[in-house]
Amino acid sequence: MKFFQLMVPGAEILIIAIMVYYLLSFFWNTRAMDLIFGLMAFLTLYAASTWFHLPVLQKLMLYFVNVAVIALLIIFQPELRLALSKLSVKGKKYREITEFDKFLDGISQSVYRLAERRIGALIVLENQDSLEEFANKAVILNAQFSPELLESVFITTTPLHDGAVTIRGTTILSAATILPLADDSSQLSKSMGTRHRAGLGISQLTDALIIVVSEETGKVSIARDGIMTRGVKMDRFKGIFRSIFTPPKTTIETSFDVIGRLKQWKR
């Protein structure tokens, strides 16, 4: 019994160390890392208020925590969802790679390769609201998505690079698509030009997910519901993508299928 009591603190420290390591490895080099530093500063200040017996400051910080926890869960929901999805019981080699995963990996690699080369791009991913109105006035492609095709469209020497690419599912609908500009561009900085204003404009009219790659800074921005988010890293990009576009569920076996398989197994 005494041996078990001595092992409990060590086990707790090991579990906490693993949790901290996982969180730091997931959020490293992302915008959420600022949250980790802020949380550490808050804990340091809280410890100091307890050590120096500052009851007013300590009580204010406790009130702040009650509101901040809910706010953080809402703001960083994509990152938390992606982090939890990585906690799989099976090993990675047993993970089923679906068409959705392939599409997400392909478009992520394309977007950040364009950003690395500082090639401007504007990509509109259709959600519930149809983009036919804008696609029909552009160059119709109706081509199966591939990273090579998407990147080649935005090469500055091609006639299709000026405008947006619209995507429905895993199909590239159109290229050189003209989008309406946002009337209120107060949230855009001076370094953001027509491409960002067009992305913000279509996000105010539809529920689409808009991806903008800046030609000047090489940063990736995401616009949705009239809000533009700058400097999105790849991990956060994938988290936002998964939170909006739910992967198709696999079909559930019916009772007849199960009975049939049992009969085959008996044979």
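The values are calculated or read from the model by the stated rules, or taken from the named source; none is laboratory data. A quick note: this is a predicted structure, and the numbers were derived from the prediction, not measured. Quick reminder, even Gly has a Cβ in these numbers, built from the backbone with ideal geometry, and neighbours come from all protein chains shown. Keep in mind that these areas ignore ligands, DNA and RNA; they rest on the heavy atoms of the full protein, side chains included. Shrake-Rupley method; radii C 1.70, N 1.55, O 1.52, S 1.80 Å.
Quick look at the values:
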| read-out | value |
| --- | --- |
| Protection proxy ranking, peptides 37-47, 139-149, 157-167, average beta carbon neighbours within 10 Å, highest first | 157-167, 139-149, 37-47 |
| As computed over the stretch 94-137, the Cα convex hull volume per residue (Å³) | 95 |
| Full-stretch length increase - ASN66, ILE178 - with 0.36 nm per residue and alpha-carbon distance subtracted | 35.7 nm |
| Pair ILE15, LEU54: separation of 7 Å Cα→Cβ label points (nm) | 3.3 |
| Extension gain, ILE140 back to ALA41 (0.36 nm per residue minus Cα-Cα distance, nm) | 30.4 nm |
| Residues ASP101 and SER130, FRET efficiency given R0 of 22 Å [Cβ-Cβ distance, rounded to 0.05] | 0.30 |
| Accessible surface, 1.4 Å probe, highest first, among residues HIS196, HIS53 | HIS53, HIS196 |
| Cα shape, the stretch 127-171, gyration tensor, a/c 1.5 rule | oblate |
